[in-house]
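Asker: Let me give you the structure first, and then I'll get to my questions.
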Amino acid sequence: MLCKNEKVNKFVEEAVLLTKPQKVVWIDGSEEQLEALRAEACASGEMIKLNEQKLPGCYYHRTKANDVARVEARTFICTSEKINAGPTNNWMKPDEAYALTRGIMEGSMKGRVMYVIPFSMGVVGSPFSKVGIEITDSIYVVLNMAIMTRVGEKVLEALGDSNDVVRGLHAKCDIDEEKRYIMQFPEDNAIISCNSGYGGNVLLGKKCFALRIASYQGWKEGWMAEHMLILGIENPKGEVKYVAAAFPSACGKTNLAMLIPPEGYLRKGYRVWTVGDDIAWIKYGADGRMYAQNPEAGFFGVAPGTNEKSNPNALASTRKNTIFTNVVLKKDGTVWWEGLDKNPPTGVENWKGEPWDPASGEKGAHANSRFTAPAANCPCISPEWENPDGVPLSAIIFGGRRAKTAPLVYQSRDWDHGVFVGSIMASETTAAASGAVGVVRRDPMAMLPFCGYNMGDYFQHWLDMGKKTAADKLPKIFNVNWFRLDDEGNFMWPGFGDNFRILEWILARCAGEVDADETAIGYIPKAEDINLEGLDYQISEGHKFGIDDLRNILTVETEHWLADIGNIREFYAKIGDTIPTELRKELDDMEARLKK
Ligand code: GTP
Ligand code: SPV
Ligand code: MN
């Protein structure tokens, strides 16, 4: 493949000089080339071909046991000034970061093949799209990128001789966790990743580019890159309204994006369309409304818990041309994970490749095992998902995993207050990142691990975006929590498909069709306004969900909120001077209302 872009050619030449591969292969995007790479990965043992009858075009892959999740502690934002990365990011001076990683990657591709992947985030050539080049020595990465993004010659054609290209260099090296670094250079449009072969660490189009670098680009260029799903809700009249929702990793984005409404709604003609499940790029349209596009082309979804009942659309998406990572491998060349069904298979291999006995008490699939599936496989993929102009947003929803405190749903008072609500989000940590699980931490807008610049400037950018149009054209902002627990640790809300009942209320609020109770934290639904028709949920033995339980999880627990104010102040203090005064005022006002 002949590349005419000088910047790209120079990037490849420099990478060759540094890593000294045996050979360089440009990914042209053709099915023949990808098929040859699949065969090669199977021959070397890097991937295993799954049962062609039961899972056509599907493959299996295991990562090293030390390399199963994003590594936030080893992820750096490398800006010339520390203040521009801000206190919530790890920071390294660009020169130092380049020198450190160059030292690690020196000669690391000797005897290996270097693949050059031209990829587009967003529909190739659309006003939303941006081009990247990922250099990698991993076929697994090439094959995943070919699902998650648009790759090949057509991307280079769209790029032409433009300078607007993000350069990502990934080298597996020895998968040594002590030398693992995920470096973002927002000022240079560059990314370097070494010593990992896992997901968000190495599929550089995803978190590194489409969130960390793109959030910085959006700040400079007047748009937003967010950790959000996008979905369309169709009513019986055939009208579709779109919402975007930011939940932290492994807190329900893929599930909400592909939700199937409860039976009663389906009969009336309601349905949900998936536009994206992880990332949204948001810009203003000519009509003064915010439009969102999914920059990805596939789903890198959490496997455990995905089943015929919880998320049939996700499961259906994985029945062909999918790569499974770190799940259980069955003898018949199919796969299994915890929560797929109630019959753990025997005589199988766990995610580490060891014989596994379900009775051992150990999990067979890693808690962060994943599927990489083409978005086009999804039965409910929106006809608008590749609309080059994106889809107009009626609402933005924030949400976290909170056993206590956060009510099921509430609405912000206005845009600025909505930004405040996003800024004080907190959630329990999950297996999506290495480290402790279940610890509550502040995770504003679900962007704590993904914001490529100073978090205070990011909040200011949100406030500024809200000033660019008339208030009535802005999406309304809400907060949800599907994860409230009772004292025995049972989920108090059914979740999944029943979350549609809350989406219905949210859209009714957007249309001004339903009243609400004003509280110290925002607007809360009147319990009677949430449709519970046909809801059949058992919270625990002998405790069937009813309207009193709904009232319970809609209550604003003043003592909890007052106790949290101190934590929020601490968090704001950590960010420091860049916290917008508007948000400090919102906090003072909320405290005053709570004390009243
Ligand atoms: P990332 O891909 O890491 O960004 O995660 P995600 O936000 O897309 O999360 P996902 O939808 O994959 O859900 C993660 C876990 O939460 C799965 O185990 C789900 O079964 C569970 N989950 C999702 N929605 C709900 C819900 O409404 N209620 C409950 N109780 N669990 C849920
Ligand atoms: C997340 O952790 O939010 C993910 C998975 O979506 S990863 O691609 O590994 O970041
Ligand atoms: Mn995610």
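Asker: Let me check the size of the chain from its C-alpha atoms; what are the radius of gyration and Dmax in Å?
Answerer: 23.5, 71
Asker: Still on this structure: Which lysines, on any chain, are close to Lys309 with Cα under 24 Å apart, when same-chain ones fewer than 8 places away are left out?
Answerer: The reachable lysines, counting only those whose Cα sits under 24 Å from Lys309, are Lys54, Lys253, Lys268, Lys320, Lys330, Lys342, Lys363, Lys544.
Asker: In region 21-60, which GluC sites (Glu not before Pro) are in a loop and have at most 12 other Cβ atoms within 10 Å, using DSSP for the loop call? Write out the running numbers ahead of the final one.
Answerer: Details: sites: Glu31, Glu32, Glu35, Glu40, Glu46, Glu52; in loops: Glu46, Glu52.
Qualifying residues, ordered by number: Glu52.
Asker: D for region 242-401, whole µm²/s, Stokes-Einstein with Kirkwood Rh over alpha-carbon pairs at 10 °C and 1.306 mPa s: what number?
Answerer: Numbers: Rh = 17.1 Å.
Rounded, D is 93 µm²/s.
Asker: Assuming 0.692 mPa s and 37 °C, estimate D for region 389-505 with Stokes-Einstein, Rh taken as the Kirkwood radius over Cα pairs, in µm²/s.
Answerer: D = 210 µm²/s.
Asker: Report the net charge of residues surrounding Thr63, where surrounding means a beta-carbon distance below 13 angstrom and charges are Lys +1, Arg +1, Asp -1, Glu -1.
Answerer: That sum, taken over residues with Cβ under 13 Å, equals +4.
Asker: Then there's this: Can you give the percent of C-alpha pairs in region 162-246 whose distance is more than 22 Å?
Answerer: Looking at region 162-246, the distances longer than 22 Å represent 42 percent of pairs.
Asker: Using a 10 Å cut-off on Cβ atoms, rank the peptides 461-474, 487-500, 269-282 from the highest mean neighbour count down.
Answerer: On the way: 461-474: 15.2, 487-500: 16.8, 269-282: 23.1.
Going by the mean number of other Cβ atoms within 10 Å, highest first, we get 269-282, 487-500, 461-474.
Asker: On a 0 to 90 degree scale, rounded to 10, what angle separates helix 139-148 from the longest Cα axis of the chain?
Answerer: Here the helix axis deviates by roughly 40 degrees.
Asker: Averaged per residue, what accessible area in Å² does region 252-328 show with a 1.4 Å probe, protein chains only? Mind showing how you got there, number by number?
Answerer: Values: 2350 Å² over 77 residues.
Heavy-atom SASA per residue in region 252-328 reads 31 Å².
Asker: Please state the Cα pair-distance histogram of region 1-125 with 10 angstrom bins from zero: what percent is in each bin?
Answerer: Bins of 10 Å from zero give 10, 24, 36, 24, 6, 0 percent of pairs.
Asker: Here is a further query. Filter the trypsin sites (Lys or Arg not before Pro) in region 485-534 down to the DSSP loop ones having no more than 15 other Cβ atoms within 10 Å, then list what survives.
Answerer: Sites meeting the loop and neighbour criteria: Lys526.
Asker: Okay, moving on. What translational diffusion coefficient, to the nearest whole µm²/s, does region 530-596 have by Stokes-Einstein, given a Kirkwood radius computed over alpha-carbon pairs, a temperature of 25 °C and 0.890 mPa s viscosity?
Answerer: On the way: Rh = 15.0 Å.
D, rounded to a whole number, is 163 µm²/s.
Asker: Could you work out how far the C-alpha centroid of region 192-250 sits from that of region 105-170, in angstrom?
Answerer: Comparing the Cα centres of region 192-250 and region 105-170, I get a distance of 18 Å.
Asker: What share of the DSSP beta bridges in the chain is antiparallel, in percent to the nearest 5?
Answerer: Values: 62 of 96 bridges.
So the antiparallel bridges amount to about 65 percent of the total.
Asker: Let me ask another. Hull surface divided by four, with the convex hull built on the Cα atoms of region 122-209: how many nm²?
Answerer: Mean orientational projected area (region 122-209, Cα hull): 5.7 nm².
Asker: Expressed as a whole percentage, what fraction of the accessible surface of the chain belongs to carbon and sulfur atoms when a 1.4 Å probe is rolled over the protein heavy atoms? Could the numbers behind the result be given before it?
Answerer: Numbers: 11240 of 22750 Å².
Ligands and nucleic acids excluded, carbon and sulfur give 49 percent.
Asker: Rounded to the nearest 0.05, what FRET efficiency do Ala99 and Asn552 have when you use their Cβ-Cβ distance and R0 = 41 Å?
Answerer: On the way: r = 57 Å, r/R0 = 1.38.
Plugging the Cβ-Cβ distance into 1/(1 + (r/R0)^6) gives 0.15.
Asker: What is the dipole size for the chain, taken about its Cα centre, with +1 at each Lys and Arg Cβ and -1 at each Asp and Glu Cβ, in debye to the nearest 20?
Answerer: So the dipole magnitude of the chain works out to roughly 660 debye.
Asker: Helix 455-466 against the longest principal axis of the chain: what's the angle in degrees, Cα atoms only, rounded to the nearest 10?
Answerer: Compared with the principal axis, the helix lies near 60 degrees.
Asker: According to a simple spin-label model (label point 7 Å from Cα along Cα-to-Cβ), what is the distance in nm between Lys64 and His560?
Answerer: So the label points at His560 and Lys64 sit 4.2 nm apart.
Asker: Here is a further query. How do the peptides 199-211, 513-525 rank, highest first, by the average count of neighbouring beta carbon atoms within 10 Å per residue? Display every interim value, and only then the final one.
Answerer: On the way: 199-211: 27.5, 513-525: 16.9.
Highest to lowest by the protection proxy: 199-211, 513-525.
Asker: Would you mind working out the accessible area per residue for region 474-596, using a 1.4 Å probe, and quoting it in Å²?
Answerer: Heavy-atom accessible area per residue stands at 48 Å².
Asker: Place a +1 charge on the Cβ of each Lys and Arg in region 36-109 and a -1 charge on the Cβ of each Asp and Glu, then give the dipole magnitude about the Cα centre in debye, rounded to the nearest 20.
Answerer: Computed about the Cα centre, the dipole is about 260 debye.
Asker: How much length would be gained if the chain were fully extended between Lys544 and Ala511, taking 0.36 nm per residue of separation minus their Cα-Cα distance, in nm to one decimal?
Answerer: Stretched out fully, the Lys544 to Ala511 stretch lengthens by 8.7 nm.
Asker: When the dipole is taken about the Cα centre of region 472-596, and only Lys, Arg (+1) and Asp, Glu (-1) are charged at their Cβ, what size is it in debye, to the nearest 20? Don't skip to the answer; put the middle values down first.
Answerer: Values: 15 positive and 27 negative charges, 100 e Å.
Dipole size: approximately 480 debye.
Asker: Which value in deg cm²/dmol, rounded to the nearest 500, describes the helix-derived mean residue ellipticity at 222 nm for the chain, given -39,500 (n - 2.57) per DSSP H run of n ≥ 4 and division by the residue count?
Answerer: -8000 deg cm²/dmol
Asker: Sticking with this one: Subtract the Cα-Cα distance of Gln22 and Glu187 from 0.36 nm times their separation in residues, and report this length gain in nm to one decimal.
Answerer: Numbers: separation 165, 0.36 × 165 = 59.40 nm, distance 3.13 nm.
Answer, rounded to one decimal: 56.3 nm.
Asker: Using only the alpha carbon atoms of region 265-348, find the Kirkwood hydrodynamic radius as the inverse mean reciprocal pair distance, in angstroms to one decimal.
Answerer: This gives a value of 15.8 Å.
Asker: While we're looking at this one, here's another question. Just the number please: accessible area per residue for region 68-223, 1.4 Å probe, all protein chains included, in Å².
Answerer: Using a 1.4 Å probe on heavy atoms only, each residue of region 68-223 averages 31 Å².
The values are calculated or read from the model by the stated rules, or taken from the named source; none is laboratory data. Small disclaimer: the values here were computed from a predicted structure and weren't measured. Neighbour counts are summed over all protein chains in view; Cβ atoms, including those assigned to glycine, are modelled from backbone coordinates with ideal geometry. The area values use the complete protein model at the heavy-atom level, side chains included, leaving out ligands, DNA and RNA. Shrake-Rupley method; radii C 1.70, N 1.55, O 1.52, S 1.80 Å.
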